[in-house]
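J.: Here it is, the structure, as structure tokens.
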Amino acid sequence: MSGQTLTTASTLMCPHGGTVSILSSNFRVMIDGAPAALANDVYTIAGCPFQIPAAPSPIPSPCVSVQWVKSDLKTKADVNATLSTTSIGLCLAATQVPQGKVVVQTTQPKVSTS
């Protein structure tokens, strides 16, 4: 199944509304002037308000990074797998506990990968 290719200009969020930033190592494959996002790039999350309900008060547990568990199977940039709207990324707390899937808000509409 193919999906639109993610780039560093794509808008990604954690399920709690935190913003995902992409620090890409890709300088070769560009789409509309933005590097294609790769599974091995660095994904950080800022502004996640998630808290674990606990007594006597909630414990902050914001999403801080993304780990991709399903990337494009057929499309690569050099030797690294690209990502698309069909890829699956898990948002992780600082303790590396998964807290939900990445939400793709926007991406470029021109190029699809699988």
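The values are calculated or read from the model by the stated rules, or taken from the named source; none is laboratory data. This structure is a prediction, so every number in the text was calculated from the model and none was measured. Cβ coordinates were reconstructed from backbone atoms using ideal geometry, including for glycine residues, and neighbour counts include every protein chain displayed.
J.: Within region 47-80, how many residues are of a type outside the set (Gly, Ala, Ser) and either at positive phi or exposed (fewer than 11 other Cβ atoms within 10 Å of the Cβ) (or both)?
T.: Residues in region 47-80 being of a type outside the set (Gly, Ala, Ser) and either at positive phi or exposed (fewer than 11 other Cβ atoms within 10 Å of the Cβ) (or both): 6 in total.
J.: Being among the β-branched types (Val, Ile, Thr) and either loosely packed, with under 13 Cβ neighbours inside 10 Å or modelled with pLDDT of 95 or more (or both) is the requirement here; does Ile22 meet it?
T.: Yes: the conditions hold for Ile22.
J.: Can you confirm whether Ser57 is touching a Ser or Thr at 6+ places or on another chain (Cβ under 8 Å) and more than 24 Å from Ser114 (Cα to Cα)?
T.: no
J.: Considering only region 3-14, how many residues are part of a loop (DSSP other than H, G, I, E, B) and under 11 Å from the mean Cα position of the chain (by Cα)?
T.: The qualifying residues number 4.
J.: While we're looking at this one, here's another question. Would you check which residues across region 37-57 are modelled with pLDDT of 95 or more and of a type in the set (A, V, I, L, M, F, W, C) and list them?
T.: Ala37, Leu38, Ala39, Val42, Ile45, Ala46, Cys48, Phe50
J.: Shifting gears a bit: For region 17-39, state whether one or more residues are in a loop (DSSP other than H, G, I, E, B) and in contact with a Lys or Arg (Cβ under 6 Å, 6 or more places away or on another chain).
T.: There is no residue in region 17-39 that is in a loop (DSSP other than H, G, I, E, B) and in contact with a Lys or Arg (Cβ under 6 Å, 6 or more places away or on another chain).
J.: Also, quick follow-up: Looking at region 68-86, which of its residues are over 21 Å from Gln105 (Cα atoms) and among the polar types (S, T, N, Q)?
T.: Matches in region 68-86: Thr75, Asn80.
J.: Answer yes or no as to whether Pro35 is closer than 15 Å to Gln99 by Cβ and either in contact (Cβ under 8 Å) with a residue 60 or more places away in the chain or over 12 Å from the mean Cα position of the chain (by Cα) (or both).
T.: Criteria not met by Pro35.
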